[in-house]
Amino acid sequence: MYDIGVIHGRFQVLHNDHLAYLLAGKELCDHLVVGITNPDPSLTREEAEDAQRSTPGNNPLTYFERYTMVRAVLHDAGLGCEQFSVVPLPINMPELYGHYVPLDAAFFLTIYDEWGRRKKRRFEELGLTTHVLWEREPHLKGISAKDVRARICNREPIDDLTPPATVRLVREWNLGERLQALR
């Protein structure tokens, strides 16, 4: 058990497997800091291990929208505001981490591919306490945000893939229209 844990993700769009990941991190700490990666284009860099993560089509939601979505989903999951924080985290710029998250926290992550292994090495090179929640083969990853976005774009239901707060916000923000425009 840690006092503070840092967990991260793009959450473009937050789905049920993201929620399981967030809750697994929260189980290990008193206070969970959720770092939203790729918070804006100026704090986003391409990574050789996964170049698609930085493209506009894969990042349709603003930082504020993702902040709102993470808070709503965690609230619906029973977490009180005092149990978590949501902040930007420019994952591609390790020199900036200390400006956004406490470096003495435990840094949680999952590993499915070389990008996950790269982040783990990066955390360890910085001397951060690193805790791998799980490591799985890519075909065992589960829900893909790319598939959720495709359903939204095609006006197909996402209720089986996402928490109710995500469904509500996607509709409220007319995300389907935005995704169609990005095609």
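The values are calculated or read from the model by the stated rules, or taken from the named source; none is laboratory data. Since we're looking at a predicted model, the values are computed, not measured. Neighbour counts are summed over all protein chains in view; Cβ atoms, including those assigned to glycine, are modelled from backbone coordinates with ideal geometry.
Descriptive notes on the structure:
- Qualifying residue in the stretch 25-38 (condition: modelled with pLDDT under 95 and touching a Lys or Arg at 6+ places or on another chain (Cβ under 8 Å)): yes
- Tallying residues that are in contact with a Phe, Trp or Tyr (Cβ under 9 Å, 6 or more places away or on another chain), among the hydrophobic types (A, V, I, L, M, F, W, C) and part of a helix (DSSP H, G or I) within the stretch 15-38 yields 2.
- Test: W134 is modelled with pLDDT of 95 or more, in contact with a strand residue (DSSP E or B) (Cβ under 9 Å, 6 or more places away or on another chain) and not basic (K, R): yes
- When P102, P88 are checked against the criterion of being in contact (Cβ under 8 Å) with a residue 40 or more places away in the chain and more than 15 Å from R10 (Cα to Cα), P102 stands alone in meeting it.
- Subset of the stretch 1-14 (residues that are within 17 Å of P60 (Cβ to Cβ) and assigned to a loop (DSSP other than H, G, I, E, B)): R10, F11, Q12, V13, L14
Residue-wise test of (1) among the aliphatic types (A, V, I, L, M); (2) closer than 20 Å to A24 by Cβ; (3) touching a Leu at 6+ places or on another chain (Cβ under 8 Å).
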| position | (1), (2), (3) |
| --- | --- |
| F84 | no, yes, yes |
| L109 | yes, yes, yes |
| R118 | no, no, no |
| L128 | yes, yes, yes |
| I143 | yes, yes, yes |
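- For the stretch 145-167, taking the residues that are within 21 Å of T110 (Cα to Cα) and touching a residue at least 24 places away in the same chain (Cβ under 8 Å), the one that is surrounded by the most Cβ atoms within 10 Å (Cβ to Cβ) is identified as T162.
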